[in-house]
1. Need one number: nm distance between label points at residue 329 and residue 648, each 7 Å from Cα along Cα→Cβ, rounded to one decimal.
2. Taking 41 Å as R0, compute the FRET efficiency from the Cβ-Cβ separation of residue 309 and residue 606 and round it to 0.05.
3. Grab the Cα-Cα distance for residue 53 and residue 540, subtract it from 0.36 nm times how many residues apart they are, and report the gain in nm with one decimal.
4. What's the extension gain from residue 379 to residue 172 if we count 0.36 nm per residue and subtract their Cα-Cα distance?
5. When you count, for each residue, the other Cβ atoms within 10 Å and take the mean per peptide, how do 322-332, 251-261, 534-544, 44-54 rank with the highest first?
6. Using volume of the Cα convex hull per residue in Å³ as the read-out, say which of (i) 155; (ii) 319; (iii) 251 was calculated from these coordinates.
7. Counting other beta carbons within 10 Å of each residue's own, what order do 468, 68, 525 fall into, fewest first?
8. Give the dimensionless ratio obtained when the Cα radius of gyration of the range 576-657 is divided by 2.2 N^0.38 Å.
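Nothing in this text is a laboratory measurement; each read-out follows from the coordinates by a stated rule. Being a predicted model, the structure only gives us computed values, none of them experimental. Methodologically, a virtual Cβ is constructed for each residue, glycine included, from the backbone with ideal geometry; neighbour enumeration extends over all protein chains shown.
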C-alpha cells in the first residue's frame with residue numbers, strides 16, 4: 001500500500017522542484033507520475049530534444065527516494081507535428097477534424113501518428129528505461145477521453161474495410177452477418193463499405209457494432225506498440241495505462257491483456273454529478289460521492305491484470321483531492337473524504353493510490369481543479385488527509401502485515417464491453433442504460449455486505465459461489481459452457497441472451513443459449529416510459545416495483561418466485577438459476593440477490609446506505625459515507641487496528657478478522 005502524486009515539473013520554476021520533492025517525501029508519498037503531457041518540452045522542434053530539464057526533474061525526485069512513473073507523452077502531440085501531418089487528426093461524425101488546442105487530438109488509425117508514437121516512445125524509453133528512479137511506465141493518458149475512440153477519418157475508413165475483410169473473408173459472409181438484404185443494403189465488395197455515420201436514419205445495427213469493435217481493436221493495437229517498445233528498452237518495470245470511470249468506448253480487458261497493472265482515475269464527486277444518478281441522489285451524495293462508484297471501478301479494474309497467483313494488480317493513478325473543474329457541478333468534498341476514498345481503494349486491493357495533482361495550476365484549462373497544494377503552495381485539505389493516511393499506513397505496517405493481502409470475493413459480476421455496445425445500439429427504450437443496470441445490481445450486492453469481483457466474460461468462474469449477469473445480451477459458447485459447469489448460483493438480469501454475436505434475435509428466442517439453463521423463453525419485451533411502474537410481489541406478499549423494462553416469460557422448466565400483478569412471472573427459478581424479467585428497484589434487486597446469496601451459503605447483511613464493508617485478506621475495512629456517526633461491528637471483526645466500532649462522520653475503521 002503506497003501513496004503517490006501526479007506532478008508537472010514543466011509547469012513550475014526549477015527552484016521549486018527540490019522543495020516539492022522534499023515535501024512529497026515528508027507527506028508519506030513514495031511514487032510520482034510525470035511526463036504524460038510534456039511532448040512539446042521534450043521535443044520542442046522536430047528531431048531536436050531537450051532532455052536537460054527532464055533529467056534534472058527525475059534526478060531531483062530520485063534524490064528524495066521517490067520512484068518515478070514515467071509516461072509516454074502521446075496524448076498531447078505538439079503543434080508542429082499536427083502541422084506536418086494534418087491527417088493525423090480524428091474526424092467527428094459530421095466530417096469535421098478535431099482540431100489542435102486542447103488534448104487527445106489524434107486518430108488511432110493514422111499510420112503517420114502511429115509512426116510518431118512509436119518514435120517518441122522509443123526516444124523516451126531509450127533515455128530513461130534503465131534509470132534507477134524509473135520504477136514503472138504509463139502509456140499515453142486516458143485513451144478515448146473526450147469521445148476520441150470513434151473517428152470518421154479516411155484512415156479509419158480504410159482500416160475498417162481491411163478489418164472487415166479479415167473478419168469475414170468474403171463479402172457474401174458479411175452480407176449474411178449484417179442482414180444487408182434489409183433496405184437493399186447489399187454490398188458487392190469491401191471497398192463499397194463506408195463508416196456508419198451521416199445516414200438518413202438509423203444505420204444497420206450490425207454495421208455499427210462492427211465499427212465499434214474495429215475502433216476498439218485500434219486502441220488495443222496502438223497501446224500494444226508502445227508496450228512492446230517499453231518492455232524492450234525498460235525491462236523489469238511494470239507497464240500500466242490509466243483508464244476512466246463509467247467509460248466503455250473500447251474493450252478495456254483487451255487493452256489490459258498487454259499491461260502489468262491496470263490503473264484508473266477516481267473522481268467520485270465528478271462521476272456522481274455527471275452520470276446517471278437521479279437528481280435526489282446527486283444532492284444526497286454531492287460531497288461524499290455515491291459510496292459504490294469508486295468501489296465499482298476498483299473491482300472492475302482489479303479484474304484486468306492478474307499476476308501468476310491470480311491476484312489482480314491495479315492502482316488508482318489519479319485520486320480526487322478536492323473540487324474538480326470538469327463536472328456539471330463541482331462541490332468540495334467533506335473533510336475526511338479524501339482519506340476515506342484512499343482507504344476504500346486499499347480495502348479493494350489497490351497497490352498504489354496517487355493523488356491528482358501536487359499543486360493546483362493557476363493557469364490554463366485545469367486552473368479550477370484542486371491539488372494537494374493550493375496555487376500558493378500552502379497545504380490544501382487533501383494534503384492534510386493524504387499525510388494522515390501516510391502516517392496510518394506506517395503505524396499499521398508496524399502492527400500487522402500489509403503485504404500480499406488479497407480480496408477473495410465469493411461473487412462474480414460479469415462485465416462485457418461487447419454486450420454494452422449492443423445495448424447502446426439497440427436500447428429499445430430511451431432510458432435503458434445497461435451500464436447503469438450493472439451498477440445498480442453491483443450496489444445492491446454491496447448493500448448486502450458482499451465482496452464482488454467484476455470479471456471479463458472470458459474469466460475463470462469455478463471459484464465463485466454466486467455469478468450475476470447484469471447485461472449479458474450475447475452469451476458466447478465458451479461462457480455458456482463455464483456457466484453450465486459452474487456450481488454457483490446464477491442470476492440473469494433482463495435481456496440476457498437476447499442477441500447473437502451479429503446483433504440478431506436468436507432463432508430460439510431470448511434468452512437464446514441460456515434457455516436450457518434458465519427454463520424460460522422470452523415471448524415479448526416492453527420498455528416502459530418514465531412514470532410507468534409495475535408492482536412485483538413475492539409469495540409472502542413483499543412488494544417491489546419495476547420500471548423501464550419488462551419481459552413476458554413462458555415458463556418451460558422453471559417456477560415463478562415473484563409475479564407482476566397480472567400474474568406473469570417477474571422472477572423465475574430453475575434450480576440454481578434465477579431469471580429476472582424487469583428492471584427492479586433497489587429493494588427488488590436486494591430481495592433477488594439475498595435469496596441467491598443465501599442459497600449459495602453466503603452470509604448477508606442489511607447495511608445502511610452510507611456504510612460499506614470490505615474484506616482484504618485478514619483485514620475488515622468499514623467506510624462511513626455520511627456526515628453523522630455510524631455504529632458498526634462487522635461479523636468476524638476481532639481486533640481493532642484503526643478507529644473503533646463507532647465510525648466518525650466520513651470515518652474509516654480497520655479490524656483484524
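1. About 2.8 nm separates the two model spin labels.
2. Values: r = 34 Å, r/R0 = 0.83.
Once the sixth-power term is evaluated, E becomes 0.75.
3. Roughly 168.2 nm would be gained on extension.
4. Stretched fully, the residue 379-residue 172 segment lengthens by 68.0 nm.
5. 251-261, 322-332, 534-544, 44-54
6. Computed from these coordinates, volume of the Cα convex hull per residue in Å³ corresponds to label (i).
7. Ranking 468, 68, 525 by Cβ neighbours within 10 Å, fewest first, gives 525, 68, 468.
8. Working: Rg = 15.2 Å, N = 82, 2.2 N^0.38 = 11.7 Å.
Rg over 2.2 N^0.38 Å, computed on Cα atoms: 1.29.
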